[in-house]
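S.K.: Sharing a structure below in structure tokens format, with a few things to ask.
The values are calculated or read from the model by the stated rules, or taken from the named source; none is laboratory data. Note that this is a predicted model, so its numbers are computed, not measured. Methodologically, a virtual Cβ is constructed for each residue, glycine included, from the backbone with ideal geometry; neighbour enumeration extends over all protein chains shown. In case anyone asks, the SASA skips ligands and DNA or RNA and just uses the protein heavy atoms, side chains included. Shrake-Rupley method; radii C 1.70, N 1.55, O 1.52, S 1.80 Å.
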Amino acid sequence: TNKGISYTVEAIVRVPRLGINYPVISETSEELLKISVNKYWGPKPNEVGNYCIVGHNYKSKKMFGRLSEIVSGDIVEIEDINGNVVKYSVYDKYTVDPTNTACTSQLTNGRKEVTLITCTNYGKQRLVVKATEVK
């Protein structure tokens, strides 16, 4: 950053239809969420399991500010640090209370999945978007 602080980026997340294109910082904290989207839980990018990413829902539409516009069938791309890109197709979108972390489960039946999470309803709930690898 311009303050001389460095962060480890482990992937880039893109939702082309919505213009979302951000580096994924490899850990999460309140401070890191102000900089970019963060890995919340799961395996390394594009590995079997549920790769969970959290990001702020800014009114300016930055980061996950447009995530509520996503629809089933939209494509989420994850590019790992080696330049490999895997495409995922959105299959579900729903809201949960902040204490509900069921969406981070690693039980994927051997599939690669991505879960995008952001705030909704003025921070009272979480918007969860689930996507599975396009083969």
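S.K.: Cβ-Cβ under 7 Å, sequence separation 6+ or interchain: first residue in the range 95-124 and in contact (Cβ under 8 Å) with a residue 60 or more places away in the chain and farther than 20 Å from ALA11 by Cα, partner in a loop (DSSP other than H, G, I, E, B) and open to solvent by 70 Å² or more (accessible area, probe 1.4 Å). Which pairs?
M.R.: THR108/VAL48; GLY110/VAL48
S.K.: Within the range 1-24, restricting attention to residues that are touching an Asp or Glu at 6+ places or on another chain (Cβ under 8 Å) and crowded, with 16+ Cβ neighbours inside 10 Å, which residue is farthest from THR104 (Cα to Cα)?
M.R.: Among residues in the range 1-24 that are touching an Asp or Glu at 6+ places or on another chain (Cβ under 8 Å) and crowded, with 16+ Cβ neighbours inside 10 Å, the one farthest from THR104 (Cα to Cα) is LEU18.
S.K.: Which one is surrounded by the fewest Cβ atoms within 10 Å (Cβ to Cβ), of the residues in the range 114-135 that are modelled with pLDDT of 95 or more, within 18 Å of VAL85 (Cα to Cα) and charged (D, E, K, R)?
M.R.: So the residue we want is GLU133.
S.K.: Can LYS61 be described as among the basic types (Lys, Arg) and surrounded by 15 or more Cβ atoms within 10 Å (Cβ to Cβ)?
M.R.: No; evaluated as a whole, the condition is false for this residue.
S.K.: Taking the condition of being touching a Ser or Thr at 6+ places or on another chain (Cβ under 7 Å) and surrounded by fewer than 19 Cβ atoms within 10 Å (Cβ to Cβ), how many residues in the range 36-47 meet it?
M.R.: Adding up the residues that qualify gives 1.
S.K.: Has the range 88-96 got at least one residue that is surrounded by 12 or more Cβ atoms within 10 Å (Cβ to Cβ), hydroxyl-bearing (Ser, Thr, Tyr), at pLDDT below 95 and closer than 17 Å to GLY19 by Cα?
M.R.: No, the range 88-96 contains no residue that is surrounded by 12 or more Cβ atoms within 10 Å (Cβ to Cβ), hydroxyl-bearing (Ser, Thr, Tyr), at pLDDT below 95 and closer than 17 Å to GLY19 by Cα.
S.K.: Something else now. Select from the range 93-114 the residues that are among the charged types (D, E, K, R) and part of a loop (DSSP other than H, G, I, E, B) and write down the one among them that is nearest to ARG66 (Cα to Cα).
M.R.: Restricting to residues being among the charged types (D, E, K, R) and part of a loop (DSSP other than H, G, I, E, B), the top hit is ASP97.
S.K.: Further, regarding this structure: Quick check on ILE81: is it open to solvent by 30 Å² or more (accessible area, probe 1.4 Å), farther than 25 Å from GLY110 by Cβ and among the hydrophobic types (A, V, I, L, M, F, W, C)?
M.R.: The answer is no for ILE81.
S.K.: Let me ask you something else. Tell me whether the range 100-107 contains one or more residues that are more than 14 Å from the chain's Cα centre (by Cα), over 17 Å from VAL24 (Cβ atoms), of a type in the set (Gly, Ala, Ser) and open to solvent by 20 Å² or more (accessible area, probe 1.4 Å).
M.R.: yes
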